[in-house]
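S.K.: Here it is, the structure, as structure tokens.
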Number of protein chains: 2
Amino acid sequence: MDEVRLLAVEPLTREAFAPYGEVIEPAATKGTHGINAGTAERFHALARIDVVGPDGHAAISQVRAQPRAFPFLVSMLERHPLGSQAFVPLDPAIRYLVVVAHDPGATPRAFLAEHGQGVNYHRGTWHHPLIALDRVSDFLIVDRVGAGENCEEAALPRQWRIEI
Amino acid sequence: MDEVRLLAVEPLTREAFAPYGEVIEPAATKGTHGINAGTAERFHALARIDVVGPDGHAAISQVRAQPRAFPFLVSMLERHPLGSQAFVPLDPAIRYLVVVAHDPGATPRAFLAEHGQGVNYHRGTWHHPLIALDRVSDFLIVDRVGAGENCEEAALPRQWRIEI
């Protein structure tokens with residue numbers, strides 16, 4: 001295997017993440033509007049839920065993740081060919097890393113999600129499993145459940161080291 | 001209009017809420033399992049996303065709700081015939097009220113959601129718009145977006161007062 005390379009951590013922004021999915025955060029989109037007689041503001045359709053294939057449907061789950069040890073080595077990625085997958089932290093103090101790539105042979109990108117930012121991976125986007133920081137962290141998941149082969153894993157041709 | 005009646009507030013439990021929808025919270029369901037090489041526990045398929053009709057799909061939105069004044073009067077309910085609708089607080093300190101009824105003429109039930117509990121109204125369930133307590137509160141919403149008439153409102157034959 002080739003030498004381990006350092007992977008820089010970028011801020012998570014809607015623009016930078018757009019090739020891989022959506023950032024879920026309050027944002028002044030054209031769909032933002034008042035609801036409930038003006039007592040609330042809705043940030044509308046921040047992410048699209050996209051599930052395909054028979055014998056499956058979209059559902060809401062939760063995950064409780066242990067913090068990872070650092071430096072962290074990225075040596076594999078996974079993707080879900082039958083559906084998008086969203087992770088949203090259930091406490092604004094939660095920080096986590098988001099690692100994505102166009103394909104397992106490409107240089108991945110690492111983003112730091114903070115201030116309550118969630119992500120929705122487009123269907124089929126290569127990404128690393130959840131990398132929690134700091135503490136035990138609860139997330140909401142919105143993805144496809146049901147029958148069908150919806151998880152592919154790939155070992156990377158080289159490892160990437162993340163320091164934070 | 002008939003006299004205003006007091007509506008008691010009940011604790012929100014999966015069992016009590018089952019006729020109206022699902023409570024979204026970590027729970028030892030049969031689908032709970034370790035993932036990501038044992039670094040996380042997934043509470044699987046806590047709520048089903050159910051959208052119907054052409055020209056619409058499920059999406060993730062957010063809402064920022066102002067706290068309501070109390071005593072609060074319940075005088076209307078709404079329902080979404082084309083899809084389920086989930087609200088999940090984005091901070092475990094958020095408390096809110098959930099008011100539901102089998103139909104607009106029936107006695108409603110009021111539940112206090114706390115400790116991070118979310119709810120998913122079944123498609124077509126009569127419910128009151130979000131009733132935030134204490135402070136400005138952010139929630140994730142998972143519901144149907146797109147064309148089609150997906151909101152019915154009904155004035156109630158009598159008002160109900162909630163004190164908290």
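S.K.: All but one of (1) part of a strand (DSSP E or B); (2) more than 23 Å from residue A:38 (Cβ to Cβ) hold for residue B:87; which doesn't?
M.R.: (2)
S.K.: Considering only residues of the range B:123-134 that are within 13 Å of chain A (Cβ to nearest Cβ) and out of contact with any His (no Cβ under 7 Å at 6 or more places or on another chain), which is nearest to residue B:76 (Cα to Cα)?
M.R.: B:128
Here is a yes/no grid of residues against (1) away from chain B (no Cβ under 11 Å); (2) open to solvent by 40 Å² or more (accessible area, probe 1.4 Å); (3) in contact (Cβ under 8 Å) with a residue 24 or more places away in the chain:
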residue: A:34; (1), (2), (3): no, yes, no
residue: A:43; (1), (2), (3): no, no, no
residue: A:47; (1), (2), (3): no, no, yes
residue: A:58; (1), (2), (3): no, no, yes
residue: A:88; (1), (2), (3): no, no, yes
residue: A:95; (1), (2), (3): yes, yes, yes
residue: A:106; (1), (2), (3): yes, no, no
residue: A:112; (1), (2), (3): yes, no, yes
residue: A:118; (1), (2), (3): no, no, yes
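S.K.: Yes or no: residue B:54 assigned to a loop (DSSP other than H, G, I, E, B), closer than 24 Å to residue B:135 by Cα and open to solvent by 50 Å² or more (accessible area, probe 1.4 Å)?
M.R.: no
S.K.: Does residue B:75 satisfy being in contact with a Gly (Cβ under 9 Å, 6 or more places away or on another chain), part of a strand (DSSP E or B), in contact (Cβ under 8 Å) with a residue 40 or more places away in the chain and of a type in the set (Ser, Thr, Tyr)?
M.R.: no
S.K.: Does residue A:10 fit the bill of being surrounded by fewer than 18 Cβ atoms within 10 Å (Cβ to Cβ) and modelled with pLDDT of 95 or more?
M.R.: yes
S.K.: Can you find even one residue in the range B:144-162 that is away from chain A (no Cβ under 14 Å), closer than 18 Å to residue B:66 by Cβ and modelled with pLDDT of 95 or more?
M.R.: Within the range B:144-162, one or more residues are away from chain A (no Cβ under 14 Å), closer than 18 Å to residue B:66 by Cβ and modelled with pLDDT of 95 or more.
S.K.: Would you mention how many residues in the range A:22-32 are more than 7 Å from chain B (Cβ to nearest Cβ) and either outside any strand (DSSP E or B) or closer than 18 Å to residue B:120 by Cα (or both)?
M.R.: Number satisfying all stated conditions: 7.
S.K.: Is at least one residue of the range A:143-160 under 21 Å from residue A:16 (Cα atoms) and either without any contact (Cβ under 8 Å) to a residue 12 or more places away in the chain or not acidic (Asp, Glu) (or both)?
M.R.: yes
The values are calculated or read from the model by the stated rules, or taken from the named source; none is laboratory data. Quick caveat, the model's predicted, so the values are computed rather than measured. Glycine also receives a Cβ, built like all others from the backbone with ideal geometry; neighbour counts cover every protein chain displayed. In case anyone asks, the SASA skips ligands and DNA or RNA and just uses the protein heavy atoms, side chains included. Shrake-Rupley method; radii C 1.70, N 1.55, O 1.52, S 1.80 Å.
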